[in-house]
1. Take ASP37 and decide whether it is without any contact (Cβ under 8 Å) to a residue 24 or more places away in the chain, farther than 18 Å from GLY206 by Cβ and either hydroxyl-bearing (Ser, Thr, Tyr) or surrounded by fewer than 21 Cβ atoms within 10 Å (Cβ to Cβ) (or both).
2. I need a count of the residues in the range 370-396 that are touching a Cys at 6+ places or on another chain (Cβ under 9 Å) and more than 21 Å from TYR74 (Cβ to Cβ).
3. If you check TYR90 against the conditions, is it more than 30 Å from VAL163 (Cβ to Cβ) and either of a type in the set (Val, Ile, Thr) or crowded, with 21+ Cβ neighbours inside 10 Å (or both)?
4. Quick one: which helices (runs of 4 or more DSSP H) sit completely within the range 157-275 and have at least 2 residues that are of a type in the set (D, E, K, R) and surrounded by fewer than 19 Cβ atoms within 10 Å (Cβ to Cβ)?
5. List the pairs whose first member sits in the range 123-146 and is within 19 Å of THR20 (Cα to Cα), whose second member is among the aromatic types (Phe, Trp, Tyr) and surrounded by 15 or more Cβ atoms within 10 Å (Cβ to Cβ), and whose Cβ atoms are under 8 Å apart, counting only residues at least 6 apart or on separate chains?
6. Any residue in the range 243-269 that's more than 13 Å from SER189 (Cα to Cα) and in contact (Cβ under 8 Å) with a residue 12 or more places away in the chain: show its pairings with residues that are of a type in the set (Lys, Arg) and loosely packed, with under 13 Cβ neighbours inside 10 Å at Cβ separation under 9 Å, as long as the two are six or more apart or on different chains.
7. In this structure, is VAL278 farther than 23 Å from GLN81 by Cβ, of a type outside the set (Lys, Arg), surrounded by fewer than 23 Cβ atoms within 10 Å (Cβ to Cβ) and within 24 Å of the chain's Cα centre (by Cα)?
8. Quick check: anything in the range 338-346 buried (at least 20 other Cβ atoms within 10 Å of the Cβ), β-branched (Val, Ile, Thr) and part of a helix (DSSP H, G or I)?
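Each value in this text was obtained by applying a stated rule to the coordinates, not by laboratory testing. Values in this document were obtained by computation on a predicted structure and should not be read as measured data. So basically every Cβ, Gly included, is an ideal-geometry build from the backbone, and we count neighbours across all protein chains shown.
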Amino acid sequence: MDNPEYDVIVVGCGPAGCTTATLMAQKGYQVLLLERDESPSFKVGESLIPGTYWTLKRLGMIDQMKKSHFPEKYSVQFYSQTGKPSTPFYFFENDPHESSMTWQVLRSEFDQMLVINAEKHGVEVRRGTHVHQVLFDDKKAVGVRAKLKPDKDIRDFKAKVIVDSTGQSALISRKLKMNVADPKLKNASIFTHFEGAFRDEGIDEGATLILHTENKDSWFWYIPLPHDRVSVGVVGSIDYLMRAKEKGVQTIFDSQIKKCKPLQEKLENAKQVFSVKVTKDFSYRSKQIAGDHWVLVGDALGFLDPVYSSGILLAFKSGEMAADCIERAFERNDFSAEQLGAFETEFISGMEAFRKLVYAFYSKEFSFAKFLKRFPKCKQGVIDILSGNVFKQEVHEIFRPMQTMCPVLEDLSA
């Protein structure tokens, strides 16, 4: 029999939503997790960074990840427009703890692991449930209205707190017109998987590679995956990448590979697995992250350019921080925007550290090799950000010397 009211309803069972739902269920709260899709779908965002370890530990999933077939990732390496590789940024150089190793994942499998783990902790999961409206009593969120498959029945669900984890659909922030686009980061990506591509050996086998094209107008990711697969995608401004879209996206993708000699060499004996896919990588953030009885997490809160693989880390941390604020809301019987969004300052500061380093990456005057040759003491700060250790003010100290080489913009909220 359906429960008429829950403590928490989470809409969307991606990494952020599963995190909030699981952590609340661990504390004994009655949680309903609603998901539109019947099963996890293919997604990019396949590379974790070390900062995800601590959320995975709270979720009780570290042993499961260690036993998985996901390749282990110890570093990230950058290739310049001339094809010259940087020295790998090994995460353990800052912290030799086991958390300095992470994984490259198939998102459909990883996301399903998160959902199953949520159910094990007592979360009620309903798939095939399309939430199309958050119900408000004045400004107070009181529930959601959903269409249930297969009969398309309309059903209302009520809860004390509504968590919007609907990804870039951003159910609440779009309705309330709260999203602020980043004016400089309007990019697109074209991507696919390859089999039989080159892999390094040993500790570098699972490394993420970031490769500039020869004109530095675009860049590629190269992410080793299970089953002898490699995820390869090109990112550039929409105006640049899609200017010849009448030729077809496969032709555009192939032409970009020809502008990246190291990538050509790695794919020389590889076979493309499926047709290329396209997505818009617009960066944005909601100017409000919580309201009366509601809170945003994951991409519903904001999305950032994928160059540093920050997506799952930001999803995990927003979901985790939101859960802690929701727990305190129940303890204090205070479901205000101030209480549910009390993690805003800390979270946005971490997100801004990534965003500023993204801006540096896209500057044609900047390279990590030149920066660290000039400011070698900044290496720890760079590795901190690449590892996801961004929720501390010290990481922002590298941006002052960085401004001598390239523009580092003020906070999006400034």
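1. Numbers: without any contact (Cβ under 8 Å) to a residue 24 or more places away in the chain: no; farther than 18 Å from GLY206 by Cβ: yes; either hydroxyl-bearing (Ser, Thr, Tyr) or surrounded by fewer than 21 Cβ atoms within 10 Å (Cβ to Cβ) (or both): yes.
In short, no.
2. Narrowing the range 370-396 to residues touching a Cys at 6+ places or on another chain (Cβ under 9 Å): 371-372.
Of the ones still in play, those that are also more than 21 Å from TYR74 (Cβ to Cβ) are 371.
Counting residues in the range 370-396 that are touching a Cys at 6+ places or on another chain (Cβ under 9 Å) and more than 21 Å from TYR74 (Cβ to Cβ) gives 1.
3. On the way: more than 30 Å from VAL163 (Cβ to Cβ): yes; either of a type in the set (Val, Ile, Thr) or crowded, with 21+ Cβ neighbours inside 10 Å (or both): no.
No, not satisfied.
4. Details: elements: 171-175, 238-241, 249-257, 261-266.
The qualifying helices (runs of 4 or more DSSP H) are 171-175, 261-266.
5. GLU124/TYR6; VAL134/TRP294; ALA141/TRP294; VAL142/PHE136; GLY143/PHE157; VAL144/PHE157
6. What qualifies is PRO262/LYS84.
7. It is true that VAL278 is farther than 23 Å from GLN81 by Cβ, of a type outside the set (Lys, Arg), surrounded by fewer than 23 Cβ atoms within 10 Å (Cβ to Cβ) and within 24 Å of the chain's Cα centre (by Cα).
8. no
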